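Take a look at the structure set out below.
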Amino acid sequence: MNTSPVRPGTELATQYHAALTPGFSFFSDTCRDLLRGSIFDSRAPGFVSGSICDKNALDDCFRGLPYWAAQPEQSVNYVSCHDNNTLFDRLTLISPDAPRERLIRQNRLAAAFVFLSQGVPFLQAGEEILRTKPRGHGKFDDNSYRSPDRVNAIRWDTLEIPEYQQTLAYYRGLIAFRKAHAGLRQTSREGVLSSVFPVETGSPKAVCYRVEDRYHSILAIFNADDDSLTLNLPEGIWDVNIHGKTAGTAPLFPAQGQITVLPCSATVLTRKKPVDVVAALIWEKDRFLICQRPAHKARGLLWEFVGGKVEPGETPEQALARECAEELAIQVEVGSPFFQEYHDYPDMRIRLTLFHCAIASGVPQLLEHKALRWIRPEEIPNFAFCPADVNVLARICQEYGSRPPLM
């Protein structure tokens, strides 16, 4: 960082010139020092050890935009690498008398912040199993490039111990969660600033962030205090995916109204956003049109109405006209909405709106579906429909079972 150029007038490719080197990333010692403490004092605490840190600086690091970064992908976020102490050794040096379980919680908390932040996450090999480089007599090697294997070895045999297994599983869960949510992987400053928002916690030792993407709202809470933290939640029912010793994509339990974050830990909640889906109710005299999904797609071979997702920038009516043209090669006149239904699938929550439609031109063709049928309301029980259509079909029977429209 303090290297001097050998040619007068030459600017070095350092963090401070990140804006001049787009496409290049830099190790974020800013993030490292905030989370674990200053590199120049091995006993100085950072956020995860309970130090009261500059929350604005933490916010910037979570956004992948420390003061020197022009774009989030330029920030490589980490708390340990080949230089200096391992994370677990550093935490031990800061709190030599702390219970081991507390140090492990601090290790997990640091990892959660790194893997949930915007930017590029990085970890030292073995950090996920509490790697240590002991020198003996309570000391640790912080510059082991020429130290023997007994110092540098990764102790895989420790995985026979439950606390090491749990920590490894936690790291795996963090990685899986990050991969499952595109909102945690923004590639532009504009994308970050429009989707990542700090949330007040009322505690000097806790930070919280709301992340919005197309399919989910994410609430990430990092509590470095030795006491539990209770926060009010935004409206709705949330799934808790990361809590205590456990991290992953599967919901652990639901939360509504409030959530309590355990001492020195991270809690992450998600709430599915409804994906707008439109469908067409097309009649031919006393029959309406249904389509069978191809076998290779989700919910394969089930029956449904023609339609699909509303893409960004489209109105529902525009989306439905496009879907009818793409799927059936017909032009339709989109009329009034007939019914709206919310439904939760394992991979998404949809808001399905069924519109009255009439064919303006063309004859329905099998472009994307396996089969097409024109059926009467009383024939509905003969077909296996997508779960989201069940209440829609009940409404059709209620409205038109005895008096179908003559189109």
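The values are calculated or read from the model by the stated rules, or taken from the named source; none is laboratory data. These numbers come from a predicted model, not from an experiment. Every residue, glycine as well, gets a Cβ built from its backbone with ideal geometry; the counts of neighbours run over all protein chains shown.
Looking at the range 53-69, which of its residues are surrounded by fewer than 16 Cβ atoms within 10 Å (Cβ to Cβ) and either in a loop (DSSP other than H, G, I, E, B) or in contact with a His (Cβ under 7 Å, 6 or more places away or on another chain) (or both)?
D54, Y67 - these are the residues of the range 53-69 that are surrounded by fewer than 16 Cβ atoms within 10 Å (Cβ to Cβ) and either in a loop (DSSP other than H, G, I, E, B) or in contact with a His (Cβ under 7 Å, 6 or more places away or on another chain) (or both).
Give the residues of the range 7-36 that are under 19 Å from Q118 (Cβ atoms), of a type in the set (S, T, Y) and not in a helix (DSSP H, G or I), sorted by residue number.
T21, S25, S28, listed by residue number.
Return the pair list, or none, for Cβ contacts closer than 6 Å from residues in the range 14-37 that are more than 20 Å from Q124 (Cβ to Cβ) and among the aromatic types (F, W, Y) to residues that are surrounded by 16 or more Cβ atoms within 10 Å (Cβ to Cβ) and at pLDDT 95 or above, at least 6 apart or on different chains.
Every condition considered, the pairs that remain are Y16/W68.
Report, by residue number, each residue of the range 216-242 that is closer than 18 Å to K272 by Cβ and buried (at least 17 other Cβ atoms within 10 Å of the Cβ).
Residues satisfying the conditions are H216, S217, I218, L219, A220, W238, D239, V240, N241, I242.
For the range 339-357, indicate whether the set of residues that are farther than 24 Å from D286 by Cβ and without any contact (Cβ under 8 Å) to a residue 40 or more places away in the chain is non-empty.
So far as the range 339-357 goes, yes, one or more of its residues are farther than 24 Å from D286 by Cβ and without any contact (Cβ under 8 Å) to a residue 40 or more places away in the chain.
Tell me whether the range 359-375 contains one or more residues that are of a type in the set (V, I, T), in contact with a helix residue (DSSP H, G or I) (Cβ under 6 Å, 6 or more places away or on another chain) and either over 19 Å from Y400 (Cβ atoms) or in contact (Cβ under 8 Å) with a residue 24 or more places away in the chain (or both).
Looking for residues that are of a type in the set (V, I, T), in contact with a helix residue (DSSP H, G or I) (Cβ under 6 Å, 6 or more places away or on another chain) and either over 19 Å from Y400 (Cβ atoms) or in contact (Cβ under 8 Å) with a residue 24 or more places away in the chain (or both), one finds none in the range 359-375, hence no.
As an exercise: evaluate Y342 against (1) within 30 Å of F177 (Cα to Cα); (2) in contact with a His (Cβ under 9 Å, 6 or more places away or on another chain) and give the number of the one condition it does not meet.
Single failed check for Y342: (2).
So how many residues does the range 380-393 have that are loosely packed, with under 14 Cβ neighbours inside 10 Å and either among the small types (G, A, S) or assigned to a strand (DSSP E or B) (or both)?
Looking only at that region, the number is 1.
Could you check how many residues of the range 108-166 are under 26 Å from V211 (Cβ atoms) and either touching a strand residue (DSSP E or B) at 6+ places or on another chain (Cβ under 6 Å) or among the charged types (D, E, K, R) (or both)?
14
Mind checking which pairs have a first residue in the range 310-323 that is over 19 Å from A360 (Cα atoms) and assigned by the TED database to the domain that holds L352 and a second that is of a type in the set (G, A, S) and surrounded by 15 or more Cβ atoms within 10 Å (Cβ to Cβ), Cβ under 6 Å, 6 or more apart or different chains?
V310/A319
From (1) buried (at least 17 other Cβ atoms within 10 Å of the Cβ); (2) outside any helix (DSSP H, G or I), pick out the condition that doesn't hold for A360.
For A360, the exception is condition (1).
For the range 76-177, which fully contained helices (runs of 4 or more DSSP H) count at least 3 residues that are surrounded by fewer than 17 Cβ atoms within 10 Å (Cβ to Cβ)?
By residue number, 100-116, 149-152.
Taking the criterion of being under 21 Å from the mean Cα position of the chain (by Cα), modelled with pLDDT of 95 or more and over 24 Å from A153 (Cα atoms), would at least one residue in the range 87-102 satisfy it? Outline the logic, then answer.
At the first step, the residues of the range 87-102 found to be under 21 Å from the mean Cα position of the chain (by Cα) are none.
No - not one qualifying residue is present in the range 87-102.
Could you say which residue among D41, D33 is modelled with pLDDT of 95 or more and at negative phi? Working first, answer last.
Details: D41 fails: modelled with pLDDT of 95 or more.
Answer to the selection: D33.
This table checks each residue for (1) among the charged types (D, E, K, R); (2) closer than 21 Å to Y342 by Cα; (3) out of contact with any Cys (no Cβ under 8 Å at 6 or more places or on another chain).
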| position | (1), (2), (3) |
| --- | --- |
| K245 | yes, no, yes |
| F288 | no, no, yes |
| R299 | yes, yes, no |
| G308 | no, yes, yes |
| E314 | yes, yes, yes |
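Among the listed residues C264, C208, identify the single one that is without any contact (Cβ under 8 Å) to a residue 24 or more places away in the chain, surrounded by 14 or more Cβ atoms within 10 Å (Cβ to Cβ) and not hydroxyl-bearing (S, T, Y). I'd like the intermediate steps shown before the answer.
Details: C264 fails: without any contact (Cβ under 8 Å) to a residue 24 or more places away in the chain.
Selected residue: C208, the only one of C264, C208 that is without any contact (Cβ under 8 Å) to a residue 24 or more places away in the chain, surrounded by 14 or more Cβ atoms within 10 Å (Cβ to Cβ) and not hydroxyl-bearing (S, T, Y).
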